[in-house]
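Engineer: Below is the structure I would like to discuss, written out as structure tokens.
The values are calculated or read from the model by the stated rules, or taken from the named source; none is laboratory data. These figures come from a predicted structure and were not determined experimentally. Here the Cβ positions follow ideal geometry from the backbone for every residue, glycine too, while neighbour counts run over all protein chains shown.
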Amino acid sequence: MNITAATLDALFKTFQTKFTEAQKAAQTRVTPNDLLPEDIALAFTGAGSATQHSWLEQLHGIHEWVGERVLNNAKLGKLTVVNRDFENTIKVSRNEIEDDQYGVYAPLVGMMGADAENLWKKLAIEALLGNGEWADGNPFFCSGRVLGESTFTNAVTTSFSKAAVEAAIAAMRGWKLYGGEPGEIRPDVLLVGPSLEAAAKLICEADLVADSGTTVSNVSPAKALKVRVSQSLVGDHANEWYVLGDKNGVKAVGIQKRKLPVLTRKDRDEDTNVFMTNDFLYGVHARGEGFLTLPFLAYKGGAAAVAAWEEK
């Protein structure tokens, strides 16, 4: 290839196409149980270096209006989520472009696009597994959390089983908000790792099950859950399982998107990298973070240990 501004523009357009195609492909499920970010997370558009989520204080539902309005009864503090920077870069020798070897880099650019799109899923899972400090100063997943007149536990060491999943669903459906109003949580996702996938599908997707030697219809409340599989739930996290819920569109995980990933270039002769090392650079930069929203929207099982809630 005769390297000119026009040929480099055409090459970059090809790379952009590969990048975008891979991003779009990453937004679809390869198998029916693949996890997508929207299954468990609500996306927020961030502004600035950090966002203060004071809305987490508002935990009461609609109730009879007697006297003055009830304002901010839940004094839980605020959760500040600081955005992180993420990058990915590939180096292409100028000589390989001249020698028409640039085609071997197209798959790498495609991988970069897929990884960039999967960042938001990665941040969502990191938040779940990290179990960071919530707005009340305690771990998001803990036992005996006090919320107004209610006390609830959203993490147990119980191993994965049909009975354990049904107990999680029953607990979530019975939780109340700060003002004592029913939470009306809708458990809708059972999140597991690859080692628990088959058992999870049997619990949630089988139409018929064995009961005392007889085949009967599967009427378990777990049938309402969608099984989702995360490849991150392996190793030390392989035995963990999560029942995640929804309340009026709010999910257990938040994804703060400050800057979406876009492919950029440094491939001009006047760029320092080209002048000094004879290499073209193509990269992507994104900013954001994942965090946990409301503890009554999630239930964790198979935990190695569960911290007890403490009043702060």
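Engineer: With the stretch 106-216 as the region, which helices (runs of 4 or more DSSP H) entirely inside it contain at least 2 residues that are small (G, A, S), out of contact with any Pro (no Cβ under 8 Å at 6 or more places or on another chain) and free of Cβ contacts under 8 Å to residues at least 40 places away in the same chain?
Structural biologist: Ranges flagged: 162-174, 197-205.
Engineer: Here's something else I'd like to know. Would you check if N131 is surrounded by 13 or more Cβ atoms within 10 Å (Cβ to Cβ), within 18 Å of the chain's Cα centre (by Cα) and within 30 Å of A22 (Cα to Cα)?
Structural biologist: no
Engineer: Would you tally the residues in the stretch 290-303 being touching a helix residue (DSSP H, G or I) at 6+ places or on another chain (Cβ under 9 Å) and surrounded by fewer than 21 Cβ atoms within 10 Å (Cβ to Cβ)?
Structural biologist: Within the stretch 290-303, residues that are touching a helix residue (DSSP H, G or I) at 6+ places or on another chain (Cβ under 9 Å) and surrounded by fewer than 21 Cβ atoms within 10 Å (Cβ to Cβ) number 0.
Engineer: Please determine, by comparing only the residues of the stretch 248-293 that are of a type in the set (G, A, S) and in contact with an Asp or Glu (Cβ under 7 Å, 6 or more places away or on another chain), which one is farthest from A47 (Cα to Cα).
Structural biologist: Per the criteria, the residue is G283.
Engineer: Here's a follow-up. Checking the conditions here, which among V284, V219, V306 is among the aliphatic types (A, V, I, L, M), over 17 Å from the mean Cα position of the chain (by Cα) and crowded, with 21+ Cβ neighbours inside 10 Å?
Structural biologist: V284
Engineer: Still on this structure, please answer the following. Restricting to the stretch 223-238, count the residues that are of a type in the set (G, A, S), within 15 Å of the chain's Cα centre (by Cα) and more than 16 Å from F160 (Cα to Cα).
Structural biologist: Looking only at that region, the number is 1.
Engineer: Evaluate the following for N239: is it over 10 Å from L190 (Cβ atoms), surrounded by 11 or more Cβ atoms within 10 Å (Cβ to Cβ) and without any contact (Cβ under 8 Å) to a residue 24 or more places away in the chain?
Structural biologist: When the stated conditions are applied, N239 does not pass them.
Engineer: Within the stretch 141-175, which residues are buried (at least 20 other Cβ atoms within 10 Å of the Cβ) and over 17 Å from P221 (Cβ atoms)?
Structural biologist: F141, C142, R145, L147, F152, N154, A155
Engineer: Next up: Name the single residue, out of those in the stretch 1-16 being under 14 Å from D100 (Cβ atoms) and of a type in the set (A, V, I, L, M, F, W, C), that is surrounded by the fewest Cβ atoms within 10 Å (Cβ to Cβ).
Structural biologist: Taking the candidates together, the pick is A10.
Engineer: Quick one: would you say L244 is modelled with pLDDT of 95 or more, outside any strand (DSSP E or B) and buried (at least 21 other Cβ atoms within 10 Å of the Cβ)?
Structural biologist: no
Quick grid of which residues meet (1) out of contact with any Ser or Thr (no Cβ under 9 Å at 6 or more places or on another chain); (2) under 24 Å from T157 (Cβ atoms):
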residue: K201; (1), (2): yes, yes
residue: T214; (1), (2): yes, no
residue: S232; (1), (2): yes, yes
residue: K257; (1), (2): no, no
residue: V284; (1), (2): no, no
residue: L294; (1), (2): yes, yes
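Engineer: Right, L119: under 30 Å from H285 (Cα atoms) and buried (at least 21 other Cβ atoms within 10 Å of the Cβ) or not?
Structural biologist: yes
Engineer: With a cut-off of at least 2 residues that are modelled with pLDDT under 80 and closer than 24 Å to F291 by Cα, name the strands (runs of 3 or more DSSP E) lying wholly within the stretch 1-85.
Structural biologist: Output list reads 50-53.
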